[in-house]
1. So between N57 and T24, what do we pick up on full extension, going 0.36 nm a residue minus the alpha carbon distance?
2. For the chain, which whole percent of the accessible surface, found with a 1.4 angstrom probe, sits on carbon and sulfur atoms?
3. Note down the relative contact order for the chain as a percent, whole number, built from C-alpha pairs under 8 angstrom at least six residues apart.
4. Tell me the net charge near A43. Cut-off is 13 Å between Cβ atoms, A43 excluded, with +1 for each Lys or Arg and -1 for each Asp or Glu.
5. Less than 14 Å Cβ to Cβ from P6, Lys/Arg counted +1 and Asp/Glu -1: what total charge do the surrounding residues give?
6. Tell me the mean residue ellipticity at 222 nm calculated for the chain from its helices only (DSSP H runs of n ≥ 4, each -39500 (n - 2.57), averaged over every residue, nearest 500).
7. Modelled label-to-label distance, T32 and A83, 7 Å Cα→beta-carbon offset: nm?
8. Using the charge dipole of the chain (Lys, Arg: +1 at Cβ; Asp, Glu: -1 at Cβ; taken about the Cα centre), state which of Y75, A62, A33 has its Cα farthest towards the positive end.
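The values are calculated or read from the model by the stated rules, or taken from the named source; none is laboratory data. Predicted model, so just to flag it, every value in this text is computed and none were measured. So basically every Cβ, Gly included, is an ideal-geometry build from the backbone, and we count neighbours across all protein chains shown. Each accessible area value is taken on the protein alone, full model and side chains, heavy atoms only, with ligands, DNA and RNA left out. Shrake-Rupley method; radii C 1.70, N 1.55, O 1.52, S 1.80 Å.
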Amino acid sequence: MTNYTPGPLWMSPSTPKLAAGIHTADGACIGTAHRDEDARLWASAPALLEALEVALNTVECASIDVQTGADLPWYTLAKKAIAKAEGREVAS
């Protein structure tokens, strides 16, 4: 898995003179975004990834047939999103 800054992350809103900041739990700024909407998405990424992994694990542990993902279109999308977040090759 690719190393990334673990959450929780938080954002400081932009001002007319400063871009929005993305910060670690201890306050270190790890980046900026010109739009608050982008900063919120970036700051929520670790929590979204964790939620998606828990959802997939729940489905897989419930012995739901996920061989093709045909009955669960979100399943295939979720697997691709996690692979992309981890820096793995994503099949189209």
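1. Between N57 and T24, full extension yields 9.2 nm more.
2. The C+S portion of the solvent-accessible surface of the chain is 59 percent.
3. 22
4. Spelling it out: positives minus negatives among the neighbours equals -1.
5. -4
6. -14500 deg cm²/dmol
7. Calculated label separation equals 3.6 nm.
8. Going by the charge dipole, the pick is A33.
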